[in-house]
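Have a look at the structure below, then the notes.
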Amino acid sequence: MFGHKLIYTNFSLDSSMDILTKPLALYAHVPFCKAKCTYCDFYSIVGKEKEIPAYLRRMIQEIENAGSHWDLSAYHVDTIFFGGGTPNLLSPAQLDMLLFALLRLTANNSAVEIGMEVNPGEVTLEALQAYKSIGINRISIGMQSFQPELLKFMSRIHTVEQSLETYKMVRQVGFENVSADLIFAVPGQTLQLWESDLKRLIALDPEHISTYSLTVEEGTVLKRWVDDGHIHMLEDVLDTDMYSFGRDLLEAHGYKNYEISNFAKPGFQCRHNLNYWTGVEYLGFGPAAHSYFDGRRHWNVRDLEKYMNLVDISGEPQDGFEDIDQITTKNEMILTRLRLSEGLSLQEYFSAFGEDLLEEKQAQIKKWDHHLRIQDGHLMIARSAWSLIDEISSDLMDAMP
Ligand SMILES: C[S@@+](CC[C@H](N)C(=O)[O-])C[C@H]1O[C@@H](n2cnc3c(N)ncnc32)[C@H](O)[C@@H]1O
Ligand code: SF4
C-alpha cells in the first residue's frame, strides 16, 4: 500500500520539467453522501457506500483507459482534486489507489497540488494523518454555517462543534493549506448572522475561504419548497449586500478576493480551480465528471450503475461531448477571466485569437465604461460592479452562429 509515493516524492521540487510540458488538471468524483442536502444538485447518492469497491475498480479502469487513449507525453499533472459527493467516504487506502493511477498518467510530476473535500464530523485524526501521508496537501472543509438552525435548514448532518473539531484535527496533523466553504443568503439568515459566521471562520485562520450564495437548483428539495411557496429566498438586495459585506471583511483580514466566490491569503489560491478558469486542460473521472481536452469537452453519465456498466462494456462512460470552436473558446475566456480579480489579459487574448478586444468590442466597452477598468494590460470589472458581471460578460461575448 502507498507504494506510489515514490512517483512523486522522488521528484524534487525543481520544476524544470514543468516548463517543458503542459499542465494538466485531474478531477475524481466521489458520488457518495451520508445524507442529501436540501440545496445540492451535485451528483451524489445516499446509502450506497457498499458500492465503493466496485466503483473504485471502474474508476481505476477508466483512468487507465484514458492513459492508453490519450497521448499525455507532453503533459505533467499540475493539480488533482477529489470532489463530490463526499471524498472522505473513501478510506485513505482507497484514495491512495486512485492517486496511484492518476499520477501514473504522466511521467513528470512535481509539486502537485492534491486537494480533497472533507465533510465536518466525518473524519478521524487517524484518517486525516493517513490522507496526509498518501500525499493529500490541501483540505477543503464544507462548514457552510456556524448557525445550528441554518445547518438544519440545509439538512446538513454536522454540528457547529464538529466543524470546529474537524478543523482542529486538520491542523493537528499538519495540513498547511486549508480552505473552508460558507454559504450565505440562506432563508432566515440576517446580515448580523452572516457577519458572525465570517468572523468565526476568520478567527480559525484558514488559508482560503469560499463563500457561495445559496442557489436554487432544479431537482432539489429547496426548489420544491420555493415552488410550493413554503420557503422564500432572500431579496436580491440582501444577497448582494451580504456578498459585498463578506468581501470587504475578508479582504480587511488579508484574504484577497481573487475570484468572485474565492478568497485567499497570499500564495494560497486554489491552483486546481485556477486551472479550470484559465483554460488549462483537465480530465475528470467518475460518474458525472467533466473533461476538457484536445479541443473537446466531454462528460460522463450521471448514474453510478450506468457508469459502471459502460466502463465494463466499452470502457467508455461518456454521455456526450462538445467540440470547442474558436468562438466558444473566446467566450469562455471572457466569461471566466472577468470573474477573476486580475481580469483578462489583452495580450493573451490577442495571442490566442489575433484580435484586439478593445477595438473589436469598442461599442460594448464604451457602454460599460464606468464599470470596467484597464490595468497592467488587463481588462477587469470594477470592484463596485461585480453584480453586473454576467451582463457585462455576455455583452462582450461573440454571438454564436
Ligand atoms: C457539492 S459540495 C461537495 C463537498 C462536500 N460534500 C460538502 O458538502 O461540503 C461543494 C460545495 O458546493 C457548495 N454548494 C453546493 N450546492 C450549492 C448551492 N445550491 N448553493 C450554494 N452553494 C452550493 C457548498 O458550499 C459545498 O461546500
Ligand atoms: S452538499 Fe455535499 S454533503 Fe450535501 S449532498 Fe451535496 S455533496 Fe453531499
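The 3J(HN,Hα) values that the Karplus relation (6.51, -1.76, 1.60; θ = phi - 60°) gives for segment 52-67 are, in residue order, 4, x, 5, 4, 4, 4, 5, 5, 5, 4, 4, 5, 5, 4, 4, x Hz. Gly and Pro appear as x. Listed as lacking a disulfide-compatible partner in the chain: Cys33, Cys270, by the criterion of no other cysteine Cβ under 4.7 Å.
Straight-line reach from Lys367: taking Cα to Cα under 17 Å and skipping same-chain neighbours fewer than 8 places apart, the aspartates and glutamates in range are Glu359, Asp390, Glu391, Asp395, Asp398.
By the rule of a C-alpha distance below 20 Å, with chain neighbours fewer than 8 residues away ignored, the lysines paired with Lys199 are Lys168, Lys256, Lys265. Between the listed residues Gln347, Leu372, Gln61, the Cα displaced farthest toward the positive end of the dipole of the chain, a dipole computed from Cβ unit charges relative to the Cα centre, is found at Gln61. Full extension of the chain between Thr328 and Ile157 gives 57.5 nm of extra length, using 0.36 nm per residue less the Cα-Cα distance. With viscosity set to 0.692 mPa s and temperature to 37 °C, compute the Stokes-Einstein D of the chain, Rh being the Kirkwood radius across alpha carbon pairs; µm²/s, no decimals. My calculation gives 146 µm²/s for D. Counting only DSSP beta bridges whose two residues both lie in segment 5-277, roughly 15 percent are antiparallel.
Please give the contour-minus-distance gain from Ala35 to Leu191: 0.36 nm per residue of separation, less the Cα-Cα distance, rounded to one decimal in nm. Gain on stretching Ala35 to Leu191: 53.3 nm. Only helical runs count toward this figure. For the chain, summing -39,500 (n - 2.57) over DSSP H runs of n ≥ 4 and dividing by all residues gives -12000 deg cm²/dmol at 222 nm. If you plug the beta carbon distance of Phe245 and Gln129 into 1/(1 + (r/R0)^6) with R0 = 51 Å, you get a FRET efficiency near 0.85. Karplus-derived 3J(HN,Hα) values for segment 205-217, using 6.51 cos²θ - 1.76 cosθ + 1.60 with θ = phi - 60°, are 6, x, 7, 9, 9, 10, 10, 10, 6, 4, 10, 8, 9 Hz; glycine and proline are entered as x.
Here, each number is a calculation from the coordinates, and none is a lab measurement. What you are looking at is a predicted structure, and each value in this text was computed from that prediction instead of being measured. Counting neighbours? That spans all protein chains shown, and the Cβs are built from the backbone with ideal geometry, glycine included.
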